[in-house]
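What follows is a short report on a single structure.
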Amino acid sequence: MKFSGTLKIYEDFIVEEILSERFIHSYKRTGKGIEKSSGDYALFLLKKQNMNTMDVIKELEKKFQRSIGFAGLKDKKAVTSQYVTIKIDKINNAAESCLIKERHAIENISMYSDYKNSDAWFKLNFVKFVHGQLSPGDLRGNKFTITLHDCSDIEKLPKIIKSVRNGIPNFFGNQRFSEKNHIIGRKIIRTGKSVFAKDLTKFYIHAYQSFLFNNALKKYLKKQLKLLNSKELSVPGYNTVLGNKKFDRILTDILKAEKISLRNFKIDKLGIMCRGSMRMPMIYPDISYEVRDNDIILRFTLPKGAYATVVLDHICNWKDER
């Protein structure tokens, strides 16, 4: 049971990052009690359209000549908001005035960059000073606002939304694979060879790990015939220990069919060790909707690692004209 709709412009897919409260907290505990926190890192809000996160990060690192901290990758064909951090240079007490000057300069950074003959752009605005560099562990989730146009079968929407709130499978989204990312990853794992840079090599391997998990989850759901409980399931990697549980047996059979051993995820000659992880089998989006003529606006929040396109695939036959 699905309705149909179309994404037409980038603003139809809006993503807003949610950081952990620990990271964004403005106060810290000291020997003197609770004090306002400042820190040696500048936190910025990065808003972008039709750009990969990594392309923007590389441009910022080139401009500021410093490493940029970030918590997650955001969709390209969308309008997305996320946070980044830049470390302030360490300056000794003798040059405290320089530090104050630099802080003042950072506080006034407001950057906008667009590209000729393109609808790609990004904006960067200072938020505040914090005590650490952003990393993936600081991501709590993402808030989505998705507008679908020219919708049909709208009368099905109440039942569809109710079913989503009761839980849907937590597959990795197709954008993790693209057309052949997992195929490249499989070849790297099988041969132990790569012509790509280390980070890109790991990206392809991670896509293959996601592909294996999705296949195992699909087979598991067919055999289980009921909603999964809250136990986490294995995403395979070199340190994964597979037991005799039903999901682990399915994953073992898939690895055999793929002619892959868990040991293959550690490639010493490339200096790469792709660990396994655990993933919740279900997500329970607190989703709401609004109908405007033949348009439907969906609003929901997902935990980190979950994909909005998986939610769309579950409830909607959607076309992408962005």
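The values are calculated or read from the model by the stated rules, or taken from the named source; none is laboratory data. Keep in mind the model is a prediction, meaning the values are calculated, not measured. Methodologically, a virtual Cβ is constructed for each residue, glycine included, from the backbone with ideal geometry; neighbour enumeration extends over all protein chains shown.
Within region 119-166, can you find the residues that are assigned to a strand (DSSP E or B) and either more than 27 Å from Ile297 (Cβ to Cβ) or without any contact (Cβ under 8 Å) to a residue 24 or more places away in the chain (or both)?
Of everything in region 119-166, those that are assigned to a strand (DSSP E or B) and either more than 27 Å from Ile297 (Cβ to Cβ) or without any contact (Cβ under 8 Å) to a residue 24 or more places away in the chain (or both) turn out to be Leu124, Phe126, Val127, Lys128, Phe129, Val130.
Mind checking which residues of region 189-203 are crowded, with 21+ Cβ neighbours inside 10 Å and either acidic (Asp, Glu) or more than 10 Å from Cys274 (Cβ to Cβ) (or both)?
Of everything in region 189-203, just one residue is crowded, with 21+ Cβ neighbours inside 10 Å and either acidic (Asp, Glu) or more than 10 Å from Cys274 (Cβ to Cβ) (or both), namely Ser194.
Mind checking whether some residue in region 253-262 is β-branched (Val, Ile, Thr), surrounded by fewer than 21 Cβ atoms within 10 Å (Cβ to Cβ) and in a loop (DSSP other than H, G, I, E, B)?
yes
Residue pairs, Cβ under 6 Å, 6 or more apart or interchain, first in region 273-285 and more than 24 Å from Arg165 (Cβ to Cβ) and touching a residue at least 60 places away in the same chain (Cβ under 8 Å), second aromatic (Phe, Trp, Tyr) and surrounded by 15 or more Cβ atoms within 10 Å (Cβ to Cβ). List them.
Within 6 Å, the pairs are Cys274/Phe265.
So which of Arg190, Arg186, Arg140 ends up being among the basic types (Lys, Arg), modelled with pLDDT of 90 or more and over 27 Å from Asp248 (Cα atoms)?
Going through Arg190, Arg186, Arg140 in turn, just one is among the basic types (Lys, Arg), modelled with pLDDT of 90 or more and over 27 Å from Asp248 (Cα atoms): Arg140.
Collect the residues in region 137-173 that are surrounded by fewer than 12 Cβ atoms within 10 Å (Cβ to Cβ) and either charged (D, E, K, R) or under 21 Å from Gly72 (Cβ atoms) (or both), keeping them in residue-number order.
If the condition is that a residue be surrounded by fewer than 12 Cβ atoms within 10 Å (Cβ to Cβ) and either charged (D, E, K, R) or under 21 Å from Gly72 (Cβ atoms) (or both), then Gly137, Glu155, Lys159, Lys162 are the ones that fit.
Considering only residues that are in a loop (DSSP other than H, G, I, E, B), more than 18 Å from the chain's Cα centre (by Cα) and in contact (Cβ under 8 Å) with a residue 12 or more places away in the chain, which ones fall in region 47-84?
Arg66, Ser67
So Val195 passes all but one of these: (1) under 19 Å from the mean Cα position of the chain (by Cα); (2) at negative phi. Which condition number does it fail?
That leaves (1) as the condition not met.
Could you please find all residues in region 288-317 being in contact with a Ser or Thr (Cβ under 9 Å, 6 or more places away or on another chain), hydrophobic (A, V, I, L, M, F, W, C) and surrounded by fewer than 19 Cβ atoms within 10 Å (Cβ to Cβ)?
Ile297
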